[in-house]
Amino acid sequence: MREIRVNYNVPKTDRHEYTYKDGKRIKKEDSGIRYAYIDDGGLLHITKWEDTASEYGNGVYIAADDIKGKNGLPEIDGKTYCVWGAGKDWVRISKKTREKFYTKARNEAVKVTTHPNHEDRAGAYEILRKIYTAVEDRLDEESRKRA
């Protein structure tokens, strides 16, 4: 499930992982939903808290249950990814060098860029590319509405 949301005024949530009953600490059940947003620097983040995604993602974020997060970054199959941008068939994986990872070969390309020993990452990057472009497109749409 992936649902794009536009909400500028999400109330602050109770951020405690545990509740107390009869003097015993009980872990709260995790819904499994994570929120993906793009910060002002262009980096894709994942958080458990909807209010954080709304605040730092300029009110536009995606609620998804098929992705996890580790230290604020997306994590798929135990690997953490940094995504700084995305396009039709690529994701930018470095801010300073503008290095791109092509998720699929271009139909019109004469030279095909391959990523040896990284075939397992292509699927994960494709998921992240779709999330990034969806959020970015909605951010652009919202900024045009405000202008």
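What the table shows:
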read-out	value
Whichever residue in segment 26-42 is open to solvent by 40 Å² or more (accessible area, probe 1.4 Å) and touching a Ser or Thr at 6+ places or on another chain (Cβ under 7 Å) and, among such residues, is farthest from Lys95 (Cα to Cα)	Ile26
Within segment 81-115, considering residues that are open to solvent by 100 Å² or more (accessible area, probe 1.4 Å) and within 24 Å of Asn71 (Cβ to Cβ), the one modelled with the lowest pLDDT	Arg98
Those residues of segment 68-92 which are in contact (Cβ under 8 Å) with a residue 24 or more places away in the chain, of a type outside the set (D, E, K, R) and in a strand (DSSP E or B), in sequence order	Gly69, Leu73, Pro74, Ile76, Gly85, Ala86, Trp90, Val91
Residue that is modelled with the lowest pLDDT, among those in segment 43-58 that are farther than 19 Å from Asp14 by Cα and open to solvent by less than 10 Å² (accessible area, probe 1.4 Å)	Gly57
Residues being farther than 23 Å from Gly69 by Cα and open to solvent by less than 100 Å² (accessible area, probe 1.4 Å) - total across segment 1-25	1
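The values are calculated or read from the model by the stated rules, or taken from the named source; none is laboratory data. Just so we're clear, the structure is a prediction, and the values are computed from it rather than from any experiment. Neighbour counts run over all protein chains shown; Cβ positions are idealised from the backbone, glycine included. In case anyone asks, the SASA skips ligands and DNA or RNA and just uses the protein heavy atoms, side chains included. Shrake-Rupley method; radii C 1.70, N 1.55, O 1.52, S 1.80 Å.
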